[in-house]
Every structure is written in C-alpha cells, then in structure tokens.
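First the structure, in the form of structure tokens, and then the observations on it.
The values are calculated or read from the model by the stated rules, or taken from the named source; none is laboratory data. Quantities reported herein were computed from a predicted structural model and do not represent experimental measurements. Methodologically, a virtual Cβ is constructed for each residue, glycine included, from the backbone with ideal geometry; neighbour enumeration extends over all protein chains shown.
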Amino acid sequence: MARQWEFVQTAGSFKSCMAAYFTLIVALCAVTFSTVSHARTLIIEGLSEAPLKWMVDGDPRGIDIDIMTEVLNDMGITDYRFQLVDNGRRLLHNAQTGSSDIVLTLSQNSERSQYLNYPEEAHLLLDWRFAVRAEDRDRITFNDFSDLARHRVGAAAEYSYTDTFWQSGLDIEVVAKNDLLIPMLLENRFDVVPVNYLSTLYETLRNGQREKIAFIYPPLRRAPYYNVFSKASDYPDKDAFLKRYDQIISTMRNDGRLASIFQDYLGPDGLDWWQSQYQN
C-alpha cells in the first residue's frame with residue numbers, strides 16, 4: 001500500500017510538472033510570436049500635406065498620424081517610425097521596392113493594387129467641394145452644373161476635378177495655381193471655385209478666413225482613401241495586421257475616436273465632416 005501511495009504521489013507530481021512545463025512552453029511561444037511579429041521597426045511613409053500629416057521640429061503631426069498611432073497602440077506595436085517624403089513618385093517607388101511598409105492615405109486604382117495591399121476600411125473620404133463667399137451660401141446651390149451657369153466659375157490648371165466638370169459647358173476661367181482660387185473668390189473675381197475641402201478648410205481656419213467662405217454640399221467629387229501595405233515589405237504577418245487594422249478602424253468609427261481626431265484639427269467643422277462621411 002505504501003508503494004502504491006508513493007506511485008500515486010509520483011504520478012501526481014509528474015502531471016503537475018508536465019502541466020507547468022506546458023504552460024511555460026505556451027508562454028514562451030507567445031513571447032516568441034510577439035517578438036517575431038514585431039521583429040523590426042515598422043516604416044510608415046506619406047507626403048507632407050496638412051492637416052493630414054506634416055512635421056513640426058521633427059515630430060509628426062496630423063489626422064493621419066493620430067489615426068495610425070491609435071491603431072498601433074491598440075495592436076500593442078511600439079516600434080514604428082513615420083517618414084515624410086518629398087514627392088509622390090518617390091513615395092510609390094519605396095512602396096514598390098519594400099523600402100517602406102505602410103503608405104498613408106492613397107486612393108485605390110488597378111495599377112497601385114498590383115503592388116499594394118488595401119484594407120477593407122477607408123479611414124477617410126476626401127472631398128472636392130465648391131466654395132462660395134459666406135454671404136452667397138443661400139444664393140448659390142449645386143445639384144446640377146446648370147445651377148452654376150449664371151455664376152463666374154474659377155478653376156486651377158492641371159487639376160482633374162472630374163471630366164464632367166470640364167465638359168459641363170460652364171464658362172470656366174482657369175488660373176495657374178490652386179492657391180489663387182480662394183483669394184480671387186474673396187476679391188469677388190469669382191463666385192464659385194472647386195477646392196479640396198479638407199485642406200482648404202484647415203488653411204482658412206489657420207489664416208482667419210473660415211467665416212468668409214462657405215462650402216456647398218453635396219461634393220463635386222468624393223473618394224475613399226486608405227492606409228495601405230506594401231506587398232514587397234518583409235514585415236511579418238501582414239495579413240493578420242490588415243485584418244486587425246480593419247477591426248480597429250471600424251471600432252474607432254463607432255466609438256467616436258475618429259470624430260474626436262477630426263475635431264482636434266478642424267473644430268466644429270471636424271464633426272460636420274465626420275457626419276457627412278458616415279451618417280449621410
């Protein structure tokens with residue numbers, strides 16, 4: 001009986017040791033997986049364009065930066081670096097070669113899809129809208145291009161806007177640079193100008209002209225923009241990253257974090273913009 005009891009004790013100790021050993025193995029595997037998954041610095045690139053992304057004394061700022069930082073924090077990724085490059089050709093070249101891992105805020109087309117992995121979730125819907133002087137907000141409307149036929153319309157050379165805009169039959173006066181449009185609108189040289197809504201909104205907030213202009217809804221053009229992963233990147237577990245990314249962006253849209261980021265940079269207009277994207 002003593003030997004049998006000793007055997008039972010030995011067997012129990014063995015089982016306890018094996019359970020502890022198994023737990024240790026699982027823990028080590030988890031640590032190893034985490035280490036492999038985040039084995040190097042994640043390189044995130046974009047073009048400098050406020051309020052989406054820009055540098056202040058070497059520190060990245062902007063809507064894109066805050067959204068991606070929030071995503072990475074939720075994923076538990078701390079080893080990452082934002083880099084801003086000087087032109088779009090270099091930006092796309094780095095993504096094609098795998099010199100960068102993620103590119104911030106790109107629209108989708110078939111050519112880019114050959115070397116970029118797009119998530120399901122667009123974090124931004126970027127607009128081109130018509131801007132008018134504030135006092136004309138109720139006088140000038142846009143549901144069809146014929147609504148603008150009696151007004152002086154300005155546009156910037158080499159901007160595509162939409163083919164329909166250029167073929168609308170409107171008497172469009174073309175200026176050399178996009179940044180001339182708002183000043184010429186306020187000088188009463190134009191009545192209506194098509195502008196990038198987000199950048200124009202931010203710039204007029206900064207220079208104190210926001211109350212002088214109004215934006216006509218609906219947009220002239222609206223397109224989804226994505227944070228995309230380079231197919232050539234050797235960063236581990238890209239598919240898992242994109243799946244988790246989609247989950248987090250969806251959650252941020254629903255829990256108010258996206259709206260809060262927009263408001264941080266655009267004030268009350270940020271909430272209006274969020275509502276126009278996700279609630280209309």
(message) Which of the numbered conditions does Ile216 fail, given that it passes all the others? Conditions: (1) under 23 Å from Gln108 (Cβ atoms); (2) in contact (Cβ under 8 Å) with a residue 40 or more places away in the chain.
(response) (1)
(request) Tell me which of these Ile249 doesn't satisfy, since it passes every other one: (1) touching a His at 6+ places or on another chain (Cβ under 6 Å); (2) surrounded by fewer than 19 Cβ atoms within 10 Å (Cβ to Cβ). (result) (2)
(request) Considering (1) in the same structural domain as Asp179 (by TED's automatic domain parsing); (2) buried (at least 19 other Cβ atoms within 10 Å of the Cβ); (3) out of contact with any helix residue (DSSP H, G or I) (no Cβ under 8 Å at 6 or more places or on another chain), say which one Asp138 fails and leave the rest. (result) (2)
(request) For residues that are in a loop (DSSP other than H, G, I, E, B), surrounded by 14 or more Cβ atoms within 10 Å (Cβ to Cβ) and either assigned by TED's automatic domain parsing to the domain that holds Asp272 or within 32 Å of the chain's Cα centre (by Cα) (or both), tally how many sit in the stretch 142-173. (result) 4
(message) Regarding the stretch 114-122, can at least one residue be identified that is assigned to a strand (DSSP E or B), modelled with pLDDT of 95 or more, out of contact with any Pro (no Cβ under 7 Å at 6 or more places or on another chain) and of a type in the set (A, V, I, L, M)?
(response) yes
(request) Could you check Leu104 against (1) on the phi > 0 side of the Ramachandran plot; (2) modelled with pLDDT of 95 or more and say which number it fails? (result) (1)
(request) State yes or no: is Asn188 without any contact (Cβ under 8 Å) to a residue 40 or more places away in the chain, farther than 30 Å from Thr97 by Cα and polar (S, T, N, Q)? (result) no
(request) Considering only the stretch 184-226, state which residues are touching a helix residue (DSSP H, G or I) at 6+ places or on another chain (Cβ under 6 Å) and among the hydroxyl-bearing types (Ser, Thr, Tyr). (result) Thr204
(message) From the list Arg150, Arg133, exactly one residue is in contact (Cβ under 8 Å) with a residue 24 or more places away in the chain, farther than 30 Å from Arg253 by Cα and of a type in the set (D, E, K, R). Which is it?
(response) Arg133
(message) For the stretch 224-280, give me each residue that is out of contact with any Ser or Thr (no Cβ under 7 Å at 6 or more places or on another chain) and of a type in the set (Ser, Thr, Tyr).
(response) Tyr226, Ser233, Tyr235, Tyr245, Ser250, Thr251, Ser260, Tyr265, Ser276, Tyr278
(request) Given the conditions (1) closer than 21 Å to Asp264 by Cα; (2) at pLDDT below 50, report the number of the one that Arg61 does not fulfil. (result) (2)
(message) Go through the stretch 61-75 and report how many residues are among the charged types (D, E, K, R) and either within 15 Å of Tyr226 (Cα to Cα) or not assigned by TED's automatic domain parsing to the domain that holds Ser250 (or both).
(response) 2
(request) Run down Pro51, Pro60 and say which single residue is part of a loop (DSSP other than H, G, I, E, B) and over 24 Å from Asp237 (Cα atoms). (result) Pro51
(request) Look through Pro183, Pro194 and report the one residue that is surrounded by fewer than 15 Cβ atoms within 10 Å (Cβ to Cβ) and modelled with pLDDT of 95 or more. (result) Pro183
